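The values are calculated or read from the model by the stated rules, or taken from the named source; none is laboratory data. Values in this document were obtained by computation on a predicted structure and should not be read as measured data. Every residue, glycine among them, receives a Cβ derived from its backbone with ideal geometry; neighbour counts consider all protein chains shown. Surface areas here come from the heavy atoms of the whole protein model, side chains and all, with no ligands, DNA or RNA. Shrake-Rupley method; radii C 1.70, N 1.55, O 1.52, S 1.80 Å.
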Amino acid sequence: MKPKQHLEFVKVDLKTGWEVPPGYPPGFYQKILATDLDETSKKGSRTRLLKIEPGAFSTVPFVHDHWEEVYVVQGDLIVGNDAQGRGGEQSFAPTYACRPPGVPHGPFTSKGGCILHEIHYYETSGKEAGHAKDRR
């Protein structure tokens, strides 16, 4: 995978360019902002926006082997709904979560729709990242 690009405050179009993340249910869309995440080699990181349309829901918890930080930018997020999208605990923007690898989380839904800012990464200290050496 290519290294992340250096980006300086590029405009993010929230109306177009969304794609369905692999394995996600209908009504979930992502917009990758920057990535060099390699889930095979267990290296790198990804920054994305995740959009959940009103009433869309997942039915099983997610579990992954990397860290995940999630900031609810707008709307409401419901965590822990049942297989029909009912129930769970609702929170509203601005809300934040930080999850270590291996922690089950979800399922998710949203009554009014939401946009999440997510950061996924394997390194936690920066020592392994190549650019960290350059800052000494």
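A few notes on this one:
- Local electrostatic count, Val73, Cβ distance below 11 Å [Lys/Arg +1, Asp/Glu -1]: 0
- About the Cα centre, charge dipole magnitude for the range 4-78 (Lys/Arg +1, Asp/Glu -1 at Cβ), debye: 160 debye
- Of Tyr24, Pro3, Leu50, farthest towards positive along the dipole that unit charges on Lys, Arg, Asp, Glu beta carbons give the chain: Pro3
- Separation in nanometres of the label points that stand 7 Å from Cα toward Cβ, at Leu33 and Glu53: 2.4 nm
- Mean separation of Cα pairs under 8 Å and 6 or more residues apart, divided by the residue count, gives the range 1-134 a relative contact order of 27 percent.
- Packing-based order for 6-12, 36-42, using average beta carbon neighbours within 10 Å, highest first: 36-42, 6-12
- Placing +1 on each Lys and Arg Cβ and -1 on each Asp and Glu Cβ, with no other charges, gives the chain a dipole about its Cα centre of roughly 340 debye.
- Among residues other than Lys111 with Cβ under 14 Å from its Cβ, the summed charge is -2 (Lys and Arg +1, Asp and Glu -1).
- Over 18 Å between alpha carbons, listed pairs Lys4/Lys51; Lys31/Lys51; Lys2/Lys42; Lys11/Lys42: Lys4/Lys51; Lys11/Lys42
- For log10 I(q)/I(0) by the Debye sum over Cα atoms at q = 0.10, 0.11 Å⁻¹, the value computed from the atomic coordinates appears in the list [x] -0.50, -0.57; [y] -0.30, -0.36; [z] -0.35, -0.43 under label [z].
- Cα lying deepest toward the dipole's positive end in the range 31-105, options Leu37, Thr95, Val70, charges on Cβ: Leu37
- Extension gain for Glu19 to Val103 (0.36 nm times residue separation, less C-alpha to C-alpha distance): 27.7 nm.
- Heavy-atom SASA rank of Phe92, Phe62 (probe 1.4 Å, accessible area, largest first): Phe92, Phe62
- Net lengthening on full extension, Thr40/Val79 (0.36 nm per residue, minus Cα-Cα): 11.2 nm
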